[in-house]
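The structure appears right after this line, and notes come after that.
The values are calculated or read from the model by the stated rules, or taken from the named source; none is laboratory data. These numbers were taken from a predicted model, which means no experiment stands behind them. Note: ideal-geometry Cβ built from the backbone for every residue, glycine included; neighbour counts use all protein chains shown. Just the protein is used for accessible areas: all its heavy atoms, side chains included, with ligands, DNA and RNA removed. Shrake-Rupley method; radii C 1.70, N 1.55, O 1.52, S 1.80 Å.
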Amino acid sequence: MGEHAALPLPSSGVDLCIVLVRPEVSGNIGAVARSMMNFGYSDLRLVASTCDFGSDEIRKRAKHASIVLDSARSHVTWDEAVADCSMVIGTSGKRETGERIVFRALMSPEEVVHRASERPGDKVALVFGPEGVGLTQEELASCDLLSTLATWEGYPIL
């Protein structure tokens, strides 16, 4: 129980990689790997990570998603991590109004999937910032699209 079936990863029509920029908590890398496996994705990229990638915490949180961890790649820079991507989607809890303003429209995950599926065969990066502060304004500016989940305005950060 809890193992995954020895099946090929599904094809969603989107060649997606997940990029974690400056992750702060080792266990969260494992949790992301597990979530990726839940949806059949395995291309995990880390940018400027100082986390101990060999830690037990990463493996424990990943559970049976070792295929994701074993193939994960570390990169020094953002540009290096997304060099083969034709679309970069940044994630943010910032809003279009208020103190922590984002400079352009945030799309729902459904809108982003629609946009990404219009580019079959292209590599698409979904980028998450550090747990404490998220992506910087400069990093968000370098993304092709921005996405957010609808949350309560009083506490929009996941």
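Among the residues of the stretch 24-81, those that are under 15 Å from Val127 (Cβ atoms), in a helix (DSSP H, G or I) and among the acidic types (Asp, Glu) comprise Asp79, Glu80. Taken together, the residues in the stretch 103-121 that are surrounded by 14 or more Cβ atoms within 10 Å (Cβ to Cβ) and either part of a loop (DSSP other than H, G, I, E, B) or free of Cβ contacts under 8 Å to residues at least 12 places away in the same chain (or both) amount to 2. When we screen Leu135, Leu146 for residues that are in a strand (DSSP E or B), open to solvent by less than 50 Å² (accessible area, probe 1.4 Å) and either of a type in the set (Phe, Trp, Tyr) or touching a Gly at 6+ places or on another chain (Cβ under 6 Å) (or both), the only hit is Leu146.
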